[in-house]
Amino acid sequence: MTENIPFIQVIKVPIVADLVLSPTVLYDENGTSICFETEDEQFGRITIQKMDGIRICRGEIPPYHDPRENWEDFEVGTWVYRVENSTWLMERYQYEKKHYGQSYEWGNSVEEMLTDYTHYYFFFHDEFVEVIAKGFWWEKAEQNLLGKPLSMSHPFLKLQIDFTEELNINDARFYIKINPKSHQELLEDVRFCHQTILEVWVKIKGEYFQEGTLKIKENKAVVFSYYQPRFGKEIIIKKGIADLADLENVLLSKP
């Protein structure tokens, strides 16, 4: 296999799509999701983080090289893949750079298309769904999830907990919500999409407003912590999981 040929690599997820039934794909102002029945007669949903492109095609054979040459190399239940050396991702990057390179995402760099985005391939019985996005999350339930709200612990939602910490910086008071998940859980989950470490809120005239979020993401198997203000460019903090002290340094350095 030459270096530039696109090929697929398995992403193991804890749910398995039914091998016969087709999925339902939703794409609207509420986001993008893939809803399907599972092999054990329940219901699953894949929700997409920060989608850049999507396409749905008929076919039972992957249009990409699969390095698993022997039958014994295949694992039952593998249906989600990452496309390496993706030509589609490069096409989307060139498009974004040409048309939006100087005004990309609140001052962020268009180069994140090459570092933060992935070409995903979801395989069903006689069709497949491809997505270019920052990540995805999976859900499973006994009832159909089509059009239903995201589950309470979904990483795309704000933290559904109370404030547990406060920071006083430069005459400003910040209220902190900390994700109750352990560091080990966050490191396991970041394989699928960005994970929230904590949220930063301010209080104005008796009402709380979110100022920013401390998150982790994975780039080429390396985990980075970053601070995402409500408006503006993300700030990379360090490798690994940042803590309150790291956040305090970021807030101190803000104008």
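The values are calculated or read from the model by the stated rules, or taken from the named source; none is laboratory data. Being a predicted model, the structure only gives us computed values, none of them experimental. Methodologically, a virtual Cβ is constructed for each residue, glycine included, from the backbone with ideal geometry; neighbour enumeration extends over all protein chains shown. Each accessible area value is taken on the protein alone, full model and side chains, heavy atoms only, with ligands, DNA and RNA left out. Shrake-Rupley method; radii C 1.70, N 1.55, O 1.52, S 1.80 Å.
Numbers at a glance
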| quantity | calculated |
| --- | --- |
| Carbon plus sulfur fraction of accessible area for the chain, probe 1.4 Å, in percent | 50 |
| Counted charge near residue 43, where neighbours are those whose Cβ lies closer than 12 Å (Asp, Glu -1; Lys, Arg +1) | -4 |
| Within a Gaussian network of the chain (alpha carbon springs, distance under 10 Å), most fluctuating of 195, 49, 228 | 228 |
| GNM result for the chain, Cα springs below 10 Å: residue of 40, 28, 66 fluctuating most strongly | 28 |
| C-alpha long axis of helix 244-253 to longest principal axis of the chain, angle in ° | 70 |
| Cα radius of gyration and Dmax for the range 185-247 (Å) | 12.7, 44 |
| Two-site label geometry, residue 97 and residue 191: point separation in nm, points 7 Å out along Cα→Cβ | 3.1 |
| Residue 171-residue 106 FRET efficiency (beta carbon distance; Förster radius 41 Å; 0.05 resolution) | 0.95 |
| Inter-label distance for residue 75 and residue 127, nm, one decimal - labels placed 7 Å from Cα along Cα-to-Cβ | 2.8 |
| Solvent-accessible area per residue, Å², over the range 94-133 with all protein chains present [probe radius 1.4 Å] | 48 |
| Estimated inter-spin distance, residue 158 and residue 27, nm [label 7 Å along Cα→Cβ] | 3.0 |
| Extension gain, residue 222 back to residue 183 (0.36 nm per residue minus Cα-Cα distance, nm) | 12.6 nm |
| Cα gyration tensor shape for the chain, rounded if a/c is under 1.5, else prolate or oblate | prolate |
| Acute angle (nearest 10 degrees) that the helix 87-100 long axis makes with the longest principal axis of the chain, alpha-carbon atoms | 40 |
| MRE, 222 nm, helices only [DSSP H, n ≥ 4, -39500 (n - 2.57), over the chain, to nearest 500] | -4000 deg cm²/dmol |
| Stretchable slack from residue 82 to residue 204, in nm (0.36 nm times residue separation minus alpha-carbon distance) | 39.5 nm |
